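Below is one structure, written out as structure tokens, with a few remarks after it.
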Amino acid sequence: MPTLAELRAQKSRPVPKATVTVTLVEGQHLLDEVQSLMQERQDLLVQHSRTNESGEKTGPPKRQGESRPARIDEIDEAIKAMDERLAEHQGVVTLHGVSGGEWQQWKDKHPARDGNEADQLIAGGWCNASDLFFDLGRYVAEWDGEPLAAGDWDGWLADRIVYADRRSLVSAVVGMHENQAPRIPKSSSASSLTQPGESASPSPEA
């Protein structure tokens with residue numbers, strides 16, 4: 001744990017950071033294909049189990065030793081190959097946050113709207129999700145480790161990323177400012193050998 005003197009000596013001001021893997025618009029069709037394959041796989045599994053999604057029987061019991069449809073293995077291979085193709089259309093966006101005071105001021109100016117579902121689901125009810133969506137350029141700092149130049153995000157990069165992933169960036173910005181880190185309990189001091197609820201043994205009389 002750093003001492004007060006060590007913290008005081010630090011010259012740089014740390015800010016919260018987060019990374020999010022996003023997909024470019026030209027890879028959108030691959031996402032659709034993956035969804036279609038996954039749905040087909042689920043349908044085949046339901047048919048093979050002779051039950052519907054509610055668990056109700058829809059046909060005779062499976063014969064002993066009956067294997068699952070070969071098409072399921074074909075789908076698994078297709079999805080695996082699709083993942084490799086999809087990776088070619090993805091990149092990692094690095095977000096840099098602001099100080100706690102700056103974030104609080106921004107929230108005060110852009111409060112969550114009463115009854116707005118997007119503010120609750122995307123921004124956790126902390127702020128106006130739409131305003132943050134259009135202000136992401138303040139926080140997007142790198143693409144695959146390469147620093148962005150001024151105007152890159154709002155000028156062209158934002159429109160290259162699928163809309164759903166841009167909403168994920170909004171959630172990530174909120175999360176890196178609002179999520180609390182787990183509190184790690186301090187280790188017991190060397191001088192204390194008693195367990196909680198136990199009292200130390202009295203010292204022997206002289």
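The values are calculated or read from the model by the stated rules, or taken from the named source; none is laboratory data. Fair warning: this is a prediction, and the values are worked out from it, not measured in the lab. So basically every Cβ, Gly included, is an ideal-geometry build from the backbone, and we count neighbours across all protein chains shown.
Details
- Of the set (1) of a type in the set (A, V, I, L, M, F, W, C); (2) over 24 Å from I75 (Cα atoms); (3) at pLDDT below 85, all apply to V46 but (2).
- Every pair of residues 6+ apart whose Cβ atoms lie under 7 Å, when the first sits in the range 3-18 and is within 26 Å of V174 (Cα to Cα) while the second is surrounded by 10 or more Cβ atoms within 10 Å (Cβ to Cβ) and hydrophobic (A, V, I, L, M, F, W, C): V15/V98; P16/M176; K17/L95; K17/M176; A18/L95; A18/A172; A18/M176
- Any chance R68 is more than 28 Å from M176 (Cα to Cα) and not in a helix (DSSP H, G or I): yes
- The listed residue being among the hydroxyl-bearing types (S, T, Y) and either over 15 Å from V20 (Cα atoms) or modelled with pLDDT under 95 (or both), out of S168, S201: S201
- Residue in the range 155-171 that is surrounded by the most Cβ atoms within 10 Å (Cβ to Cβ), counting only those that are under 16 Å from the mean Cα position of the chain (by Cα) and of a type outside the set (V, I, T): L169
- Beta carbons closer than 6 Å, at least 6 apart along the sequence or on distinct chains, pair a first residue in the range 136-149 that is at negative phi and at pLDDT 95 or above with a second that is among the small types (G, A, S) and buried (at least 16 other Cβ atoms within 10 Å of the Cβ) for W143/G91.
- In the range 155-184, the residues that are closer than 14 Å to Q90 by Cβ and among the basic types (K, R) reach residues that are at pLDDT below 95 and in a helix (DSSP H, G or I) with C-beta atoms within less than 9 angstrom, at least six apart or across chains, in these pairs: R160/V25; R160/E26.
- Criterion violated by R183 - all others in (1) modelled with pLDDT of 95 or more; (2) surrounded by fewer than 12 Cβ atoms within 10 Å (Cβ to Cβ) satisfied: (1)
- Within the range 136-154, the set of residues being crowded, with 16+ Cβ neighbours inside 10 Å and assigned to a loop (DSSP other than H, G, I, E, B) comprises Y139, L148.
- For the range 87-131, the candidate set comprises residues that are hydroxyl-bearing (S, T, Y) and not in a helix (DSSP H, G or I); within that set, the residue that is farthest from R160 (Cα to Cα) is S99.
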